[in-house]
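A short worksheet on the structure shown next.
The values are calculated or read from the model by the stated rules, or taken from the named source; none is laboratory data. Keep in mind it's a predicted model, so treat the numbers as computed, not measured. Note that each Cβ is placed from the backbone with ideal geometry, even for glycine, and that neighbours are counted across all protein chains shown. Each accessible area value is taken on the protein alone, full model and side chains, heavy atoms only, with ligands, DNA and RNA left out. Shrake-Rupley method; radii C 1.70, N 1.55, O 1.52, S 1.80 Å.
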Amino acid sequence: MSGEILVLAEQIAGVVDNVSFELLNLGRKIADSKGMRLSVLVTGHQTESLQNSLIETGADLILVADDPALETYSAEVYSTVISNVVKERSPAMVFCGYTYFGIEMSSAIATRCQGTSISNCLDLNWDGDQPVVVRPMFGGTLMIRIEMNGPAPYVISFEKGALPREAVEGKKAEKELVAVKVDQSSLSTSTLEIIKAAAGEIDITKANILVSMGRGIGDKEKIPLIKELADALGGAISCSRPIADMGWLGTEYQVGISANYVTPNVYIACGISGASQHVAAMRDSGLIIAINKDPNAPIFRVAHYGIVGDLFDVVPALIKEVTA
Ligand SMILES: Cc1cc2nc3c(=O)[nH]c(=O)nc-3n(C[C@H](O)[C@H](O)[C@H](O)COP(=O)(O)OP(=O)(O)OC[C@H]3O[C@@H](n4cnc5c(N)ncnc54)[C@H](O)[C@@H]3O)c2cc1C
């Protein structure tokens, strides 16, 4: 394989998201070993600081799509602009994060550019000249290797936090502006407003001890039991995404790639399966204790201590032990 690898830079509130650096890291290694060129595309408005933070992160070229039409995120506008860049440059591969942005962009770009899309990947290696991606199946209980042999570009989204994070040798990237043509009259949607989440009561990223609950608690009425253990340990509660999605707790309590990354000294996961999107954001915790009634739950792969059992037996027993 030869040609270009194009990384789609992602930003959160004007700051380049870590997943972009992870993608550049992988892209650099592939570009070096396969004699390819690595470019990163910055999309937005007034992107000077984004461009600057990407200058020595492994890319050969920073492509800049900067236009007032890109000030407020719209999947339709962004995917149109990015697809135009992809059509123009014909990269062999396009890398993005398996994030809300990447999920929307990868499917739209692969469709518009008639390429091959594969999502939620953890790694990419080679079978000769054939790229092979590794991705989880069935909530991470199985891994699967997939050979990509459809039409280019291969649009691949990678799990945030899954790729190695070591620094790449700094080489200074060139910059190139790309033309942004958006025909507002042809758009079928327009973004009216970005509604920000309300500020939370607590900041779970600062807690030393987190007792985290997942769908395994089964009922909102069971939250006080988890809180009781957290209080007994002098910690705070947190949760997986389903608990926040159901509105049982606010997103400020959510651990995961779409919410908060946490590194407490102790993380106790109660009834959490250990999906990659959750694990990526808590696996650097000092001590991980998992309570799950399924001995094959993926959370046990990252836990230092695992308790196979019903959390409604285990948690009261722990509270009793701690408060005795
Ligand atoms: C783009 C994207 C972003 C995402 N972002 C996030 C994110 O930020 N955070 C996040 O958490 N998820 C995120 N997810 C969702 C993620 O894939 C999982 O669906 C989610 O983490 C599962 O939550 P859970 O472990 O609580 O529930 P489940 O997967 O349903 O697991 C429940 C677990 O509880 C166990 N259990 C049930 N009853 C008991 C009991 N009585 N005692 C003990 N154990 C019990 C079960 O064995 C099971 O393992 C994201 C997904 C996508 C696609």
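A compact table of results
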read-out	value
Pairs where the first residue, in the stretch 86-104, is of a type in the set (A, V, I, L, M, F, W, C) and the second is open to solvent by 20 Å² or more (accessible area, probe 1.4 Å) and within 16 Å of the ligand (Cβ to nearest atom), C-beta under 6 Å, 6+ apart	Phe101/Glu10
Residue list for the stretch 214-240, restricted to those being charged (D, E, K, R) and either touching a strand residue (DSSP E or B) at 6+ places or on another chain (Cβ under 6 Å) or outside any helix (DSSP H, G or I) (or both)	Asp219, Lys227
Only listed residue being under 21 Å from the mean Cα position of the chain (by Cα), within 22 Å of Ile12 (Cα to Cα) and outside the structural domain of Phe138 (by TED's automatic domain parsing), chosen from Ala275, Ala269, Ala244	Ala244
Candidate set: the stretch 105-128, residues that are in a loop (DSSP other than H, G, I, E, B) and touching a helix residue (DSSP H, G or I) at 6+ places or on another chain (Cβ under 8 Å); chosen: the one farthest from Ile30 (Cα to Cα)	Cys113
Cross-chain or 6+ apart pairs with Cβ under 9 Å, the stretch 270-281 first and near the ligand (Cβ under 6 Å from one of its atoms), then in a loop (DSSP other than H, G, I, E, B) and among the basic types (Lys, Arg)	Gly271/Lys293; Gln277/Lys160
Number of positions in the stretch 82-119 that are in contact with a strand residue (DSSP E or B) (Cβ under 6 Å, 6 or more places away or on another chain), crowded, with 19+ Cβ neighbours inside 10 Å and polar (S, T, N, Q)	2
Residue in the stretch 241-269 that is farthest from the ligand (Cβ to nearest atom), counting only those that are assigned to a helix (DSSP H, G or I) and open to solvent by 10 Å² or more (accessible area, probe 1.4 Å)	Glu252
Close pairs from the stretch 282-310: first surrounded by fewer than 19 Cβ atoms within 10 Å (Cβ to Cβ), partner of a type in the set (S, T, N, Q) and at pLDDT below 95, Cβ under 7 Å, at least 6 apart	Asp284/Thr263; Asn296/Thr141
Residues satisfying the stated conditions in the stretch 302-324, i.e. within 31 Å of the chain's Cα centre (by Cα) and outside any strand (DSSP E or B)	Val302, Ala303, His304, Gly309, Asp310, Leu311, Val315
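Okay, residues lined up against (1) assigned to a helix (DSSP H, G or I); (2) surrounded by fewer than 20 Cβ atoms within 10 Å (Cβ to Cβ); (3) small (Gly, Ala, Ser):
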position	(1), (2), (3)
Ile5	no, no, no
Gly27	yes, no, yes
Asp32	yes, yes, no
Thr57	no, no, no
Val64	no, no, no
Glu76	yes, yes, no
